[in-house]
Amino acid sequence: LDVQRVFIHFAQEPTVKQIEELEAMGITPYPDSWIPPVGEYPTGFIAADMPVDRLGELAGKAYIEWLDTAEQMLEPQNDLAATKINANDVWTSGYDGAGIRIAVIDSGLDTTHPDIPAPVASKDYSNWPVLDDTIANQVTGHGTHVAGSAVGRGTQSAAATHQYKGMAPGADLIFLKIGNDTTAGASLDAMTNAIKAAVDTYDADIITMSYGGWGYYHDGTRQTSQAVDYAFSKGAVVFISAGNEADDDEH
């Protein structure tokens, strides 16, 4: 590839001069993607499109802390919805999610499904930084499944029990699509920017994202981990799938 999407880490938010220097090198930085240092993370980062032949020059800039690829694709993971968490005890106590905004970050959503409430906000981040309003996905119903597990109204099951309603059937749904329409895979930059937007733009109280993978380090230094910590610092509670590989003996 002649150009690669990368994460550029800085000790502090890049200045206008630094952004201009990057642009003069033929790099396309996205300053609005800035996720700042938070908690124990010493650096913040932005996404950028970098000609691969400028890697050495970019790495030599004194204000660049480190670089990482933003092009790894992760896959949706949510084979089985939780069915035995004693949610009924919560519902009978009068808590059904009413007044809470839940952001589901996933492959796409079937907005015609009768169990799924109309989102109070939605956007397609799968081709970030180009955004659009088409949140359907052509290859999988994974996102609809996850949204139903979270906020499904249960209208298609027995009226007396609504047995198959979601865990918070009274909550408002925010849906941010990150899965592409070829494999439903999601890039790291789509993920980090959707997580950031969930709190900065859409004021989500809870974020859930059932995507994952084993192709990178799991020590808390990945950009997705930092984006989650950023959302938490803004007051959101974040749930990420643990994966479907419990029997695979992988850490």
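Which of the residues belonging to the stretch 23-61 are within 21 Å of Thr201 (Cβ to Cβ) and exposed (fewer than 14 other Cβ atoms within 10 Å of the Cβ)? Matches in the stretch 23-61: Asp32 only. Filtering the stretch 151-187 to residues that are within 13 Å of Leu109 (Cα to Cα) and surrounded by 22 or more Cβ atoms within 10 Å (Cβ to Cβ) leaves Val151, Gly152, Leu173, Ile174, Phe175, Leu176, Lys177, Ile178, Gly179, Ala184. When Asp106, Asp115 are checked against the criterion of being modelled with pLDDT under 95 and charged (D, E, K, R), a single residue qualifies: Asp115.
Go through the stretch 14-47 and count every residue that is assigned to a loop (DSSP other than H, G, I, E, B), over 11 Å from Ile64 (Cα atoms), of a type outside the set (Gly, Ala, Ser) and in contact with a strand residue (DSSP E or B) (Cβ under 7 Å, 6 or more places away or on another chain). Break it down stepwise before answering.
Start the filter on the stretch 14-47 by keeping residues that are assigned to a loop (DSSP other than H, G, I, E, B), which leaves 14-15, 25-27, 36-43.
Subsequent filtering for residues that are over 11 Å from Ile64 (Cα atoms) retains 15, 25-27, 36-42.
With of a type outside the set (Gly, Ala, Ser) added as a condition, the list becomes 15, 25, 27, 36-38, 40-42.
Still in the list and also in contact with a strand residue (DSSP E or B) (Cβ under 7 Å, 6 or more places away or on another chain): 27, 36-37.
Of the residues in the stretch 14-47, 3 are assigned to a loop (DSSP other than H, G, I, E, B), over 11 Å from Ile64 (Cα atoms), of a type outside the set (Gly, Ala, Ser) and in contact with a strand residue (DSSP E or B) (Cβ under 7 Å, 6 or more places away or on another chain).
Listed by first and then second residue, the pairs with beta-carbon distance under 8 Å, at least 6 apart or on different chains, first residue in the stretch 7-31 and over 23 Å from Ser187 (Cβ atoms), second of a type in the set (Asp, Glu) and in a loop (DSSP other than H, G, I, E, B), are Ala11/Glu65.
The values are calculated or read from the model by the stated rules, or taken from the named source; none is laboratory data. This is a predicted model, so every value here is computed, not measured. Neighbour counts are summed over all protein chains in view; Cβ atoms, including those assigned to glycine, are modelled from backbone coordinates with ideal geometry.
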